[in-house]
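The values are calculated or read from the model by the stated rules, or taken from the named source; none is laboratory data. What you see is a predicted model; the values in this text were computed from it and never measured. Counting neighbours? That spans all protein chains shown, and the Cβs are built from the backbone with ideal geometry, glycine included.
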Amino acid sequence: MTDNDHSQHDEPSRSPHDRDPEQPSGGNGTRWTTRPETPADAEAVHAVNAAAFPTDAEAHLVDALRGDPQAWLPGLSCLAEAPDGSVAAYALLTRCLVGGVPALALAPVATAPEHQRRGAGQAVVRAVLDAARLRAEPLVLVLGHPGYYPRFGFVPASRYGIRPGFEVPDEAMMALVLDDSGPVPQGTIQYPAAFGI
Ligand SMILES: CC(C)(COP(=O)(O)OP(=O)(O)OC[C@H]1O[C@@H](n2cnc3c(N)ncnc32)[C@H](O)[C@@H]1OP(=O)(O)O)[C@@H](O)C(=O)NCCC(=O)NCCS
């Protein structure tokens with residue numbers, strides 16, 4: 001367990017440093033409890049991913065990643081709980097390489113359809129990034145909506161000389177440097193095998 005466990009994330013908040021965990025706020029005042037997944041959560045996590053995406057590919061991807069000890073990092077699979085204790089949102093960081101140097105890939109991020117646009121996604125992304133910071137992980141990559149991830153500090157990965165090994169719009173491949181005390185790795189992203197990239 002870490003300081004990050006069972007934290008309360010409110011919407012909206014701008015950084016992990018300026019939220020007040022005791023003050024629910026935002027559109028409907030929903031307060032999301034975030035925590036790392038446990039073995040008992042696997043089925044519910046599968047269900048949230050299957051419901052959020054058009055197919056169950058992402059749900060199966062998570063299951064495959066969970067079985068890959070080179071990719072899976074305990075504590076970096078996080079969920080946001082709805083007030084009734086059900087899984088409302090999910091975010092996963094797995095081990096990838098950038099130019100041969102270890103980094104993290106953020107994928108998937110999913111909010112159950114009935115809980116979307118109420119801050120659960122942002123809460124769980126902040127939680128998993130906080131967990132990565134606690135592990136002193138320096139770099140996170142995400143391929144996603146350019147309108148969503150900049151709020152967490154992501155910028156186009158190309159600014160750092162980081163590129164995917166496949167064709168995507170430049171602004172969709174984003175990077176977040178969590179620790180800039182050393183050089184940021186450059187080069188091509190190598191995803192875990194389960195991504196099939
Ligand atoms: C994308 C997703 C994870 C966002 O989670 P959420 O809990 O619905 O979103 P939040 O309430 O935390 O955040 C709401 C904000 O996200 C934005 N947002 C939601 N879905 C978005 C999308 N598909 N593209 C861009 N922005 C999106 C909203 O416009 C809103 O922005 P604002 O704060 O500027 O008004 C969720 O909608 C989802 O699971 N979608 C289907 C699966 C998916 O596309 N996953 C992401 C893959 S990159």
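Checked against (1) modelled with pLDDT under 95; (2) at positive phi, P83 passes all but condition (2).
The residue of region 101-114 that is surrounded by the fewest Cβ atoms within 10 Å (Cβ to Cβ), among those that are touching a residue at least 60 places away in the same chain (Cβ under 8 Å) and farther than 18 Å from M173 by Cβ, is P113. Of all residues in region 40-82, those that are surrounded by fewer than 16 Cβ atoms within 10 Å (Cβ to Cβ), polar (S, T, N, Q) and closer than 23 Å to Q190 by Cα total 1. Picking from residues in region 136-170 that are surrounded by 15 or more Cβ atoms within 10 Å (Cβ to Cβ) and among the charged types (D, E, K, R), the one that is nearest to Y90 (Cα to Cα) is E137.
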